[in-house]
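Visitor: Before anything else, here's the structure in question.
Any read-out appearing in this document is the output of simple, stated calculations on the displayed coordinates, not a laboratory observation. Just so we're clear, the structure is a prediction, and the values are computed from it rather than from any experiment. No Cβ is skipped: glycine too gets one built from the backbone with ideal geometry, and neighbour counts run over all protein chains shown.
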Amino acid sequence: MSNGIINWFRFSSPQTFYPLAGKLIPWFWALTAAFGLAGLYIGFFVAPTDAQQGEGYRIIFIHVPASWMSMFLYLVMAFWAALGLGFNTRLSGMMASALAPTGALMAFLSLWTGALWGKPMWGTWWVWDARLTSELILFFLYLGFIALQSAIDDARRADKAGAVLALVGVVNIPIIYFSVKWWNTLHQGASVSLTKSPSMAQTMLWGMLLMALAFWMYSIAVSLTRVRAIILERERHAGWIEELSEVKPS
Amino acid sequence: MKPRHKRFALIGGGLAVLGIAAALVLNAFQSNLVFFFTPTQVASGEAPKGKAFRIGGLVKEGSLKRQPDGLTMQFVVTDTAKEITVAYSGILPDLFREGKGVVAQGKVGDNGLFTATEVLAKHDENYMPPEAQHAVDEAHKAAKTVKQ
């Protein structure tokens, strides 16, 4: 720390990470509100009606950010799981456990809003095409991860078992993402990707990107809150926790 | 090699093996993973015979006709190379339009007519306001008249 470079490894200890997370959470909530309000305003009042789908297309302002988050959170979860397996750090496993419920929520939102859109637009709530099925598998992977971890009493062993499951499931992420390219699917191709210019009107795109940012900030805020709870639970016998003002009996 | 390097090598190696295995499996199941067959695939005999399957493509412009019985709709699905005529009696989804994507489930009869039990609209990845759609349509019309 003395040479001006932040020593990031310092924060791999629950004791230093706990107060840092506590300080960051309000900021992420504020950003969630700011991006969310801006995104919803553009989504509902500025973005034009779609030529074919009418007003029903506005579900993308939830559907697409939720789907992106569900895939991205899984990658982050698997990243922490791998770090935990490799370095044997306690905090990594806690981070992975903290991300799983939010990831599951995002996958559920993606499937649910997709079904609501599918009925009026496609004519069906659900089809077993590659995109929808692989996203459903992602949802089950999250649930399986949570179930496996809660089934094992010893936290460190639960982390390890969960990490293996999380890493195996990573294979599914590229399958979800590229499913619409590799196979014929009912689900449309990507409107926004890194390799080509987006095929949607500018204001619609802005609304969607702002909502995506809001979902990012929300996910970070919630996961940090959850990881703090996990730290308190698992390290409850540590001396530093007994010294915390929120724990100390007054 | 430190133990943690060993562990990371194991994780990396495991993921690589898993990725290759997944790629091989998906490749083997390629034909089972497609949601629909294109008219060209049907013409070349790739679609299952005597069994229900789905076809997908664009609804040919000007091909949608209501049959005399008042319920059955008939339209042509094309992938611009081959065409299949589809008959369907039921409610078509909102997004069903001539010139737009469609997926129909059903069987091919002896006369080559595809009798659908379910018709779904396939939306494309383009999201645009009505004015932009209008401009695109006008440009298409202009291009057509130039060709003629």
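Visitor: Just tell me the longest site-free run in chain A, where the sites are chymotrypsin sites (Phe, Trp or Tyr not before Pro) in a DSSP loop having at most 16 other beta-carbon atoms within 10 Å.
Guide: For chymotrypsin sites (Phe, Trp or Tyr not before Pro) (loop position, at most 16 other Cβ atoms within 10 Å), the longest site-free span of chain A is A:1-124.
Visitor: Simple spin-label model, 7 Å along Cα-to-Cβ: A:GLU243 to B:GLN67 in nm?
Guide: Going from the A:GLU243 label point to the B:GLN67 one covers 8.3 nm.
Visitor: Still on this structure, I have one more. What's the extension gain from A:ILE6 to A:GLU55 if we count 0.36 nm per residue and subtract their Cα-Cα distance?
Guide: 12.8 nm
Visitor: Mind checking the stretch A:146-250 for trypsin sites (Lys or Arg not before Pro) that DSSP puts in a loop (not H, G, I, E or B) and that have at most 13 other Cβ atoms within 10 Å?
Guide: In loop regions of the stretch A:146-250 (DSSP not H, G, I, E or B), the sparsely surrounded trypsin sites (Lys or Arg not before Pro) are A:LYS196, A:ARG236.
Visitor: Follow-up. Using modelled backbone amide H atoms (1.01 Å from N, in-plane), which distant-in-sequence or interchain residues come within less than 5 Å of A:GLN52's amide H?
Guide: HN-HN under 5 Å from A:GLN52: B:MET128.
Visitor: So for the pair A:TYR41, B:GLU138, with labels modelled 7 Å out along Cα→Cβ, what separation do we get in nm?
Guide: 3.2
Visitor: Filter B:LYS100/B:LYS144; B:LYS65/B:LYS141; B:LYS60/B:LYS141 down to the pairs with a C-alpha to C-alpha distance above 20 Å, please.
Guide: B:LYS65/B:LYS141
Visitor: Using Cα positions and a limit of under 20 Å, work out the aspartates and glutamates in reach of B:LYS6, with same-chain residues fewer than 8 apart set aside.
Guide: A:ASP159
Visitor: A further question on this structure: The stretch A:168-208 to the stretch B:97-148: how many Å between their Cα centroids?
Guide: Each part's Cα centre sits 21 Å from the other's.
Visitor: Quick one: check the C-alpha center-to-center distance for the stretch A:133-161 versus the stretch A:1-52, whole angstrom.
Guide: Using only Cα atoms to place each centre, the spacing works out to 26 Å.
Visitor: Give, in nm to one decimal, the length gained when the segment between A:VAL164 and A:LYS181 is fully stretched (0.36 nm per residue of separation minus the Cα-Cα distance).
Guide: That pair, A:VAL164 and A:LYS181, stretches by 3.3 nm at full extension.
Visitor: A further question follows. For B:LYS100, what residues show an amide H to amide H distance below 5 Å, using hydrogens built from the backbone and excluding near sequence neighbours?
Guide: Residues meeting the amide H criterion: B:VAL59.
Visitor: Let me ask you something else. Residue by residue through B:14-26, how many Cβ atoms from other chains fall within 10 Å of the Cβ on average?
Guide: Taking all residues of B:14-26 together, the mean is 3.
Visitor: A further question on this structure: Relative contact order for chain A using alpha-carbon pairs under 8 Å, separation at least 6, rounded to a whole percent?
Guide: Across chain A, relative contact order equals 33 percent.
Visitor: Which ³J(HN,Hα) values, rounded to whole Hz and listed in residue order, are derived for the stretch B:38-45 from phi using the Karplus coefficients 6.51, -1.76 and 1.60 in 6.51 cos²θ - 1.76 cosθ + 1.60 with θ = phi - 60°, glycine and proline given as x?
Guide: Per residue, the Karplus-derived 3J(HN,Hα) values read 8, x, 5, 5, 5, 5, 8, x Hz.
Visitor: Take peptide B:93-106, look around each residue's Cβ out to 10 angstrom, count Cβ atoms belonging to other protein chains, and average those counts.
Guide: Mean partner-chain Cβ count within 10 Å for B:93-106: 3.
Visitor: Something else about it: Where does helix B:3-28 land angle-wise versus the long Cα axis of chain B, in degrees 0 to 90, nearest 10?
Guide: 30
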